[in-house]
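Shown next, in structure tokens, is the structure this report addresses.
The values are calculated or read from the model by the stated rules, or taken from the named source; none is laboratory data. Fair warning: this is a prediction, and the values are worked out from it, not measured in the lab. Every residue, glycine as well, gets a Cβ built from its backbone with ideal geometry; the counts of neighbours run over all protein chains shown. Areas reflect the complete protein model, heavy atoms only, side chains present, ligands, DNA and RNA absent. Shrake-Rupley method; radii C 1.70, N 1.55, O 1.52, S 1.80 Å.
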Amino acid sequence: MAAAVLAAAFLFAALPLPSPPLALPADSSRPTARGSFHIHTSRSDGSGSTDDVAGAAARAGLNFIILTDHGDGMRKPDAPQYRAGVLVIDAVELSTDAGHYIAIGLAQAPYPLRGEARDVVADVRRLGGFGVVAHPDSSKPSLRWRDWDADFDAMEWLNADTEWRDERRGLLVRALLRYPFRPAETLASLLDRPDATLTRWDALTERRPVVVLAGADAHARAGWMDDDANGYRGWFVKIPSYEASFRTFAMRVTLDRPLGTDAAADARLVIDALRRGAVYTAVDAIASPATLEFTAVSRTLTVRTNASSGGTIVLRKDGRILAQQPLPALTIEAPGEGTYRVEVYLDAAPGNPPIPWIVSNPVYLRSDGWGSPSPVDLRPPTITRSMQGGPWHTEKDDGSTAQVRQDNYPTGPVELTFRLAGGDRTVQYTALGIGVGKALTERRHLAFAARASRPMRISVQARQPQSGDRWQRSIYLDSESRDIIVPFDEMTPVGSGPPFNPALADTLLFVVDTTNTAPGTEGSFTIENLRVER
Ligand SMILES: [Zn+2]
Ligand SMILES: [Zn+2]
């Protein structure tokens, strides 16, 4: 015991504790709400209940929290609620083929929302959700985001789990020893400016708006378990605590009115502000409270914070530093069209490179129409060849059923009625097929109209006869008929393989997407006016 105390005293002397946060004057000229995003509870791999988390948030002075338990789109999110005076917004962390994607404000989905990131991103948007790429640059490859062409709404510029993973073991041990004395300051001491992630974000926002949020990735557990384990068992300690996570850094959303008592209305207000990018991050363990005003009145950009000295305001245009000015304010005429954003540094900041105390979202000084998705090629096709006449066939495993029907041959719609075999997900497979000979050669895309008996995904596939290799593009269908174009250059190999070569494929398949369709499901879908074009 004495030895332990001595050891502790020695460590205390040898390892000075991180300084407590600078206490700054509050400045509340505009209604803001302080909140934390990316939180796991005991519903997935966190250690605390919703009440535990809300209680910790209240103690840390937060106004809202966004819970993001792992799950799929079919769990109906809990309605927003006030617990311990904190607005609790329930969201979900989805697992796509290219990394984790958090959906906020999502309606209950008709299917799980798994598979390719580009499809999950599209489905989250269709269902009214706001989607955030989680821990994009995790040092753990399976957690990293791998589809930077996907049209996601937002990404984490800072993720606490990523930040702590990259520290050297010795620093982590030192942090563990300091943690009991100054938890939040110790956690902040492990933060470094995530250069790579910010560079990526800057590149994206030269083409289109992308919001950034800070992800606490709070679990309040550390121990011997796999991040993606299903059972969430194993030994763990409740470190870092939810409260320490919330005191380390948090987001501020700028609101049109203060939060009140109507949880549903207040959640809409917060989520709308996130969508607009009316949100900045502050590392409270360096200095608190934190206020940033960043406005553009015509071309005049003004930045102001509540820290009056001991730091620098950095204004970036299209990722590059445009101006730096000592605290507390900076005013500049914008030199032209661009994406402008702010980082505020305090001299006391930890990290190598130092972590900014505040990171804003951008002000976009851009011309009309900038940032809208690059239009699909709207030139009318010069060559169109109808393939609606088939011949059509079905393909399926032994346990599933499939019937094809075409009234008004050869131009009428063709309908596949199917039932996937029940039981466990194994080899269930049911598809509508059509032999196309060499018809895809030197063509650019497939075009057709389609609808289905229920919201579902269909994998449009092309198959090569000798190798059996397939390429696919997933499409969304529901009861409303829609015109669909499948560009060949968007088709990707099923499994691994070379890029798609239309000249080598002789069969098209419309396959019920079993990633998102449960065994035992019955339904039908209809394809009309199938043609290949250039
Ligand atoms: Zn994750
Ligand atoms: Zn997570």
Given the whole protein assembly as supplied and a 1.4 Å probe, what does the accessible area of residue 320 come to in Å², nearest 10? 150
Rounded accessible area per residue of the chain, 1.4 Å, Å²: 44
Theoretical gain in end-to-end length, residue 268 to residue 199 [0.36 nm per residue, Cα-Cα removed]: 21.8 nm
Spin-label point model (7 Å from Cα, Cβ direction): what's the residue 489 to residue 352 distance in nm? 4.5
Round to the nearest 10 and report in Å² the accessible area of residue 92, as given by a 1.4 Å probe over the protein chains' heavy atoms. 10
To the nearest 0.05, how large is the calculated FRET efficiency for residue 176 and residue 146 if R₀ is 30 Å and r is the Cβ-Cβ distance? 0.40
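Restricting to the chain, compute how many DSSP beta bridges are antiparallel as a %, nearest 5.
In the chain, DSSP labels about 85 percent of beta bridges as antiparallel.
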Quantify, in whole percent, the carbon and sulfur part of the accessible surface of the chain (1.4 Å probe; protein heavy atoms only). 53
Full extension between residue 297 and residue 411 adds, at 0.36 nm per residue less the Cα distance, a length in nm of 35.2 nm
Assuming R0 = 45 Å, can you tell me the calculated FRET efficiency for the pair residue 257 and residue 126, based on Cβ-Cβ distance, to the nearest 0.05? 0.95
I want the antiparallel fraction of DSSP beta bridges within region 95-215, as a percent rounded to 5. 45
Between residue 19 and residue 337, what is the spin-label point distance in nm, taking each point 7 Å from the Cα along the Cα→C-beta axis? 4.4
Could you pull out which residues in region 175-208 have an amide N less than 15 Å from a spot 7 Å beyond the Cα of residue 372, following the Cα-Cβ vector? 208
Under the definition of Cα pairs under 8 Å and six or more residues apart, what whole-number percent is the relative contact order of the chain? 12
In the chain, whole DSSP H helices that both stretch 15 Å or further along their axis by alpha carbon positions and average at least 1.6 on the Kyte-Doolittle scale are 2-14
In region 378-503, if the dipole is taken from +1 on Lys/Arg beta carbons and -1 on Asp/Glu beta carbons about the Cα centre, which of 440, 462, 412 is farthest to the positive end? 440
Residue 395 paired with residue 329, simple spin-label distance in nm, labels 7 Å along Cα-to-beta-carbon: 6.9
